[in-house]
Every structure is written in structure tokens, then in C-alpha cells.
1. Can you compute 3J(HN,Hα) from phi for each residue in segment 270-276, using the Karplus curve 6.51 cos²θ - 1.76 cosθ + 1.60 with θ = phi - 60°, rounded to whole Hz and x for Gly and Pro?
2. Roughly what would the spin-label model give for Glu56 and Ala216, points 7 Å off Cα along C-beta, in nm?
3. Report the Cα centroid-to-centroid distance between segment 309-323 and segment 244-300 in angstrom, as an integer.
4. Give the calculated FRET efficiency between Ser232 and Lys257 to the nearest 0.05, with a Förster radius of 25 Å applied to their Cβ-Cβ distance.
5. So how far apart, in nm, are the two label points at Lys91 and Thr31 if each is 7 Å from Cα heading toward Cβ?
Amino acid sequence: MFKRALGFAAVAACILAVTGCETMGGNQTQTTIYDTHQRVVKLDKDLGDSITKLNETAASLNARVEGMDQQTRSLNTTIEDSNAKLNELAKDFNRFKTDYYRLNGLTPGQTSTPSTSQNVQTAPVVLEKPGGSVVPPPTAPAPFQTPVAPVPAASAKNELTGSAPSPTGDSKAVPAVTPPAAAQPAAEPVPAAAPAGDSKALYSQAQKSYANNDWATAQKQFDEYLAQYPNSDQSANAQFWKAKCFLNTEKYSEAVKAFETMRSTYPNSSKIPFAMHNQAVAHSRLGQAPEAERLMQAVIDQYPMSPVAEQAKGDLKKLQGKQ
């Protein structure tokens, strides 16, 4: 009996043992499943965060690329505008160069260095009648010329000569140069007095007298013009040619004063560098070399692109005894 009870007890213990094992095994499986589920949830969350960050990064990169594209297009537009402006500047420079050559009677490749020879020939003088009509140039064996004051033979090598702007730059300007003896045209009669109040006729008469080498008459006529029309378009030119009359007739003190008046009264005239050069020549004829050197240097420094600048350089060397 006791043995049978002991057998039942052993069987019951085994059953309990087996039941306990199964219970323990089920709990472990559930724990493992739960842990795995939590890990999957965490991985899913981390993956979602990573994808979100990648999307944000991609969007930022796209925005930067678009911004760079806009900057590139803006730079291209700026480059195109700059090229267009450069092309316009090049055209303006070419027009300026063409006008410069034309106004100075040069062709491409030539320089504006004035000739040191005293036998230079220029184009015929063009005069204007009252009302704007043009008087054709006088017929002569050679192009019409106007001589400067004579140069003493003993000092001709170092003697300075006057200068004048090209007639193409001022249709009413007559350059003072010395023609060959055979080319001297016959003197024309002095024109009759101009009608009162006719500025063009008065200026034309003064210019014609100058062209005929009648500098004394021309000086008086330019004086009369300036007295009546001190602020006209031709006043600066009249003052310049009046001063040239004094220089050509060897009235050097009067020439110095007349050129100084021209420079102070009409400082914006295109003939200012020529006035300074001729004033320096007058000073040199008076033996005032330091003043002549100062003015020659001023022409070179202040008007380096003027046609008279090169002549001033050569004259300055003569004054300094370097030539």
C-alpha cells in the first residue's frame, strides 16, 4: 500500500515537474517575442528618422543647387552686359581714333609729331561770308600758306618757332607756317569795312587779312571784333590770332600779354595748349628762358595728347641746351 502511494506520489511529482517546465518555456518564448517586437519597432523608428533626415538633406541640396543655378545665370547675364559695354567702348574708341586722325590730317600709323622744318604746307584757308556761305580758297601755284616771323640766320638752329592748331580743327583758324619763296601768292586788297553788327563778316575780314600776311591790319580787325563781341563763339579764336599777329610782327611783349589774356579769359578753349606754346616762344625771343621753359613743360604735363606737345618737348630741349 505504501509502495503504491509512493508510486502515485512519484508520478504526481513528475507531472508537476513537466508542467512547471512547460510553463517556464512558454514565458521565455513570450519574452523573446516581445523583445524582438520592441527591437523591430525601434529599428522602424530609427529607419524612419534616417529617411526623414535624408529627405531634408536632399531638399537642402536641391535648394543650394537651384541657388547656384540662379547665380550662374546672373553671372552669365552680367558677363553678357559687360561684353556689350566693352563692344560699345571699342566702337567709341575707334570713332575717337578716326576723328583724331581726321582732325590732325593723319592716316593710321602716323604720329602727330609736328615737322621741325619751317617750310611746311597746309590745306587752303576756308573763309565764311556773312550768312554762312563759303568763299573758295584763292588760286595759287602752291597751297596757300602764312609765314611766321623771320628767324635770324645766325641763331636759326636753336630759334623756337610758333605753332597753330590744324585748320581742320577750327574752320576759321589759319595756321602760321613758312611757305617756300616761290609759293607766295599775290597780296589781295584789304577788304572793305564790315557792316555794323555783322560779326561773321568782321571775323572773316580779320581772318582774310591774316591769310594775306597783313598782320597789322588783321590785329586791328581782331581787336575790333573782340571789342564788339567779347563773348561770341569766335572770341577765343580772335584773341588767339590777335596774339599771333603780335608774335609774327616781332612784338613779343605784346604777344606775351595777348596770349596770357587769352588763357585767363577763355580757359576752356581748345587752343590753350597752342597759346601756352606760343607764349613760351615769345618769352624765349625776349631772352626770358626760365619762363619759356616753365610754359613748355606745362604744355607737356597738362596737355600730353595735344598735337603741340611733341613740338614743346623738342623746344624744351633747345632751351635747356640739350639739342
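1. Each residue's phi maps through the Karplus curve to give 5, 8, 4, x, 5, 4, 5 Hz.
2. The modelled label-to-label distance comes out at 10.4 nm.
3. 15 Å
4. Details: r = 22 Å, r/R0 = 0.86.
My answer for the efficiency is 0.70.
5. 9.2 nm
Bear in mind these aren't lab numbers, they're just calculated from the coordinates by the rules spelled out. Model, not experiment: these values are computed from the prediction. No Cβ is skipped: glycine too gets one built from the backbone with ideal geometry, and neighbour counts run over all protein chains shown.
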